[in-house]
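Rule-based calculations on the coordinates, nothing more; no lab input. In this text the structure is predicted, and so the values were computed from the model without any measurement. Heads up, the Cβs are rebuilt from the backbone with ideal geometry, glycines too, and the neighbour counts pull from every protein chain shown.
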Amino acid sequence: MANELGEIALGLAFVFGIFAMLAGFLGGALRRDALTQSAQRAVFVVYLSVTFAVGCLLTLLVRSDFSNYYVWKFTNAEMALPFKICALWGGYEGSLLFWSWIMTGFVLAVVFLNRNRHRRIMPYAIGTMMTVASFFLAVNLFPAESNPFKTWSEVLADGTRSGIGIEQLLAARPPRGLNPQLQHWAMISHPPILYLGFTGFLIPFAFAVAALITGQLGETWIRAVRRWTILPWFFLGFGLMLGGRWAYEELGWGGYWAWDPVENAALMPWFLGTAFLHSVMIQEKKGMLKVWNVILVILTFAFCILGTGITRSGLIQSVHAFAESKIGWMFLTLLAAILIAGALLIAWRWNMLKAENRLDSLVSRESSFVFQNLILMAATLVVLVGTIYPKIAEWLEAPPLMMGPPWFNMIMGPVALALLFLAGAGPLFAWRRTSVQSLKKAFILPTLIALPLGILLYWFVRRRFFPNASFLGEMNGQSFFQSELYTNLITFGCFLLAIWLGLIVLREFYQGARTRGRTVKEPFFTALWRLTTKNQRRYGGYIIHFGIAVMMVGFAGKAFDEDLQRTLRPGVEGQDTFQLGRYTFRAKAAHAGTQGNYQWNRLTVEVLRDGELWQTVHPEQRLYANNPDQPSTSEPSIVMRPLEDIYVVNAGPAPQAGGFIVHAWINPLVTWVWIGMALIAFGTVICMLPDRTERRILERVAAAEERLHQEVSVGARS
């Protein structure tokens with residue numbers, strides 16, 4: 001019954017989605033409030049219908065109703081309840097339904113909060129949002145392979161319809177269960193948060209399209225979508241880092257970022273969203289970069305659709321990607337429609353998008369934002385080429401190029417340094433033009449402090465992990481950009497500029513709080529808090545920049561990691577230990593057992609530091625008999641410390657040599673990646689706090705729009 005009700009709910013959502021789309025566009029074109037209100041009500045019906053459909057699929061998953069093909073593919077009866085719920089987004093059919101639910105939730109929230117605002121552009125925004133939402137509902141509803149409610153009778157032509165009962169069918173084909181690598185705590189939160197980022201960028205895109213259609217290209221649409229842009233930008237970035245944490249704890253390879261195509265698919269719109277959030281400040285203050293901002297918004301959402309297509313088309317191979325499907329062409333069609341429609345609208349309104357002012361100087365805050373945007377666009381292009389070129393080369397039968405992590409790191413290292421510099425230089429530059437004298441005054445002190453601190457940090461980390469290595473390294477026939485010297489220069493530059501950026505941010509807080517304290521006679525920390533909460537956008541942004549600086553220190557630590565793999569035989573003297581850096585790893589015992597839907601094989605490994613017992617870890621290997629696609633996983637044991645992580649993997653038995661294969665890593669400074677992520681989250685919360693000044697501006701704009709709307713309505717009736 002839940003299968004039929006779910007399909008009916010999806011069909012109802014699609015019908016009302018089309019109605020909301022048409023009513024929105026017609027309501028805007030005809031200036032008919034009744035049509036716009038009908039579109040708003042239809043959005044509510046769409047959301048309720050999709051929510052009901054999600055509830056139906058969840059019911060099937062939780063009850064382990066294996067008559068549903070999707071439930072059979074991604075769950076089994078022994079799976080824990082949280083992972084049965086996670087199966088909702090574990091396959092592309094369910095993930096598309098979940099995507100549609102989040103997207104229509106965003107649309108409903110925007111419509112509700114703006115029901116009495118932006119009367120000129122809201123109808124077109126509703127029409128645009130529901131066009132995209134209807135597309136996703138159609139993908140879920142019409143192609144049989146992407147329908148999450150299809151049953152076995154619809155999958156097998158000679159299956160249940162020919163008299164085979166579900167019990168006999170399941171006995172012959174046991175339920176597979178969720179991919180074992182996805183049965184991890186981070187997968188409970190990582191995909192939903194990432195989807196909030198992808199789908200949330202629909203809102204600024206829809207407002208940009210509506211502004212282009214109506215010609216309302218001033219600051220109104222920019223102010224209306226600022227928070228609706230910060231929110232998905234944060235979710236996308238936070239989701240990426242949660243994915244990195246999942247990869248670090250689950251995949252057993254010692255790392256958290258591999259420049260995987262699906263990782264890149266989410267990174268590209270995050271780069272473009274970052275550029276837009278900085279660029280809009282110039283439009284608000286100077287009336288510049290109007291066309292640039294519209295282009296950035298359209299490209300950001302276009303890359304969200306590209307990422308969705310990459311993940312679900314099967315064009316690329318990735319541990320994160322879904323199985324190959326035939327719906328990739330549908331996403332490419334939507335992507336082409338977005339780009340073509342956006343280009344036509346921009347060409348139509350080109351004269352209205354001209355800048356009101358010009359860039360006065362290359363040494364100004366405006367210029368720093370422009371350079372930052374150019375670098376972020378270049379970074380997006382690099383990631384795009386590195387992601388899709390191998391597939392294009394395969395199609396064209398061209399010579400393949402090695403575009404793995406070393407290639408990305410080689411190119412993106414200087415990009416990271418340039419962005420760190422501009423993030424720190426921006427607050428030091430004045431608007432319009434910066435004098436040489438003020439430039440010297442602003443730069444000298446943080447540079448003089450950061451230089452010795454950067455040298456000290458680099459020397460300390462290098463001495464701790466590679467005490468005998470040379471800074472220059474050896475070329476070994478490699479080019480300069482592949483050499484150890486190049487890596488060392490990038491790492492040192494990252495340490496130096498991260499400290500420099502952090503000092504500038506701290507100085508901005510200190511000077512602002514001290515000035516406020518003297519002016520209004522407040523204690524320093526009271527002044528600091530009120531300064532931050534009354535200037536949320538500025539100081540929240542500073543906290544985010546500080547978090548990025550901290551995170552970059554953690555990223556730079558990757559240059560110092562080291563690893564070793566050996567076969568150990570527990571209890572056999574001379575064959576039970578190996579040395580890595582200052583640590584000795586000693587296998588003490590092996591244990592086996594069964595839990596839930598897997599069998600486990602666990603090692604007890606003692607970690608000795610400088611000859612003394614320091615930690616005992618228990619790396620584990622798990623065997624999932626019911627899942628032929630991914631029968632086993634390695635569950636590493638990780639000891640996290642501020643300076644380094646000790647990462648130990650049980651890679652399984654070594655049949656020929658006897659014993660077990662143990663792989664250990666020493667990963668410096670990884671903890672600072674997660675600390676930086678937390679600071680970015682805190683800064684984003686500060687940015688999202690209510691802004692009284694902005695609220696008053698929006699209220700005045702809404703009042704003016706209402707008066708104009710009433711005048712137009714009276715004129716139309718007369």
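Considering the dipole of the chain built from charges on the beta carbon (Lys and Arg +1, Asp and Glu -1) around the Cα centre, which of GLY94, ILE222, THR308 is farthest to its positive end?
ILE222
Quick test of the membrane-span-like rule: which DSSP H helices of the chain reach at least 24 Å along their long axis (C-alpha atoms) with mean Kyte hydropathy at least 1.6?
What comes out of the filter, once short or polar helices are dropped, is 2-30, 328-348, 671-688.
In whole percent, what relative contact order does the chain give with Cα contacts below 8 Å and a gap of six or more residues?
Taking the mean separation of contacting Cα pairs over the length of the chain, I get 11 percent.
For each of ASP65, ASP33, ASP610, count neighbouring Cβ atoms within 10 Å of the residue's Cβ, then give the residues from fewest to most.
Ordered from fewest to most neighbouring Cβ atoms within 10 Å, ASP65, ASP33, ASP610 come out as ASP610, ASP33, ASP65.
Put +1 on the Cβ of every Lys and Arg and -1 on every Asp and Glu Cβ in the chain; which of SER435, MET1, GLN283 then has its Cα farthest towards the positive end of the dipole?
SER435
To the nearest 20 debye, what charge dipole does the range 562-672 have about its Cα centre, counting +1 at the Cβ of each Lys and Arg and -1 at the Cβ of each Asp and Glu?
Approximately 200 debye in magnitude.
Taking the Cα centre of the chain as the origin, how large is its charge dipole in debye, to the nearest 20, when only Lys and Arg (+1) and Asp and Glu (-1) carry charge on their Cβ atoms?
Charge dipole, the chain, about its Cα centre: 3300 debye, nearest 20.
Starting from one equal scatterer on each C-alpha and no solvent at all, send me the Debye-based log10 I(q)/I(0) for the range 1-178 at q = 0.08, 0.12, 0.17, 0.20 Å⁻¹, two decimals.
With no solvent term, the Cα-only Debye profile gives -0.30, -0.59, -0.94, -1.17.
Considering only LEU580, ILE543, PHE14, whose Cα is most displaced toward the positive end of the charge dipole of the chain, charges sitting on Cβ of Lys, Arg (+1) and Asp, Glu (-1)?
So the residue we want is ILE543.
Taking all pairs of distinct Cα atoms, average 1/r, flip it, and tell me the Kirkwood hydrodynamic radius of the range 562-672 in Å to one decimal place.
14.5 Å
Students often check this: by mean Cβ neighbours within 10 Å, which of 667-676, 491-500 ranks highest, and how do the rest follow?
Answer by packing, highest mean first, reads 491-500, 667-676.
Distance between the C-alpha centers of the range 566-591 and the range 610-626? Whole Å please.
Between the Cα centre of the range 566-591 and that of the range 610-626, the gap is 11 Å.
Highest mean first, how do 639-650, 17-28, 199-210 rank when packing is the count of other Cβ atoms within 10 Å averaged over residues?
Listed from highest to lowest mean packing, they are 199-210, 17-28, 639-650.
State the extension gain, in nm to one decimal, for the chain segment bounded by THR594 and TRP395, taking 0.36 nm per residue of separation less the distance between their alpha-carbons.
That pair, THR594 and TRP395, stretches by 67.1 nm at full extension.
Work out how far the C-alpha atoms of the range 398-455 reach from end to end along every principal axis, then list the three figures in whole Å, largest first.
In descending order, the Cα extents are 54, 32, 14 Å.
On full extension of the chain, what length is gained from GLN575 through GLU612, given 0.36 nm per residue of separation minus the C-alpha to C-alpha distance?
Gain on stretching GLN575 to GLU612: 11.4 nm.
Packing-wise, with mean Cβ within 10 Å as the measure, how do 45-56, 591-602, 422-433 rank, highest first?
Highest-to-lowest ranking by the protection proxy: 45-56, 422-433, 591-602.
Please order CYS86, CYS687 by the number of other Cβ within 10 Å, starting at the fewest.
Ascending number of Cβ neighbours within 10 Å: CYS687, CYS86.
Measure of size requested: the Rg and Dmax of the chain, with Cα atoms as the atom set and Å as the unit; please supply both.
According to the Cα coordinates of the chain, Rg and Dmax are 28.0, 99 Å.
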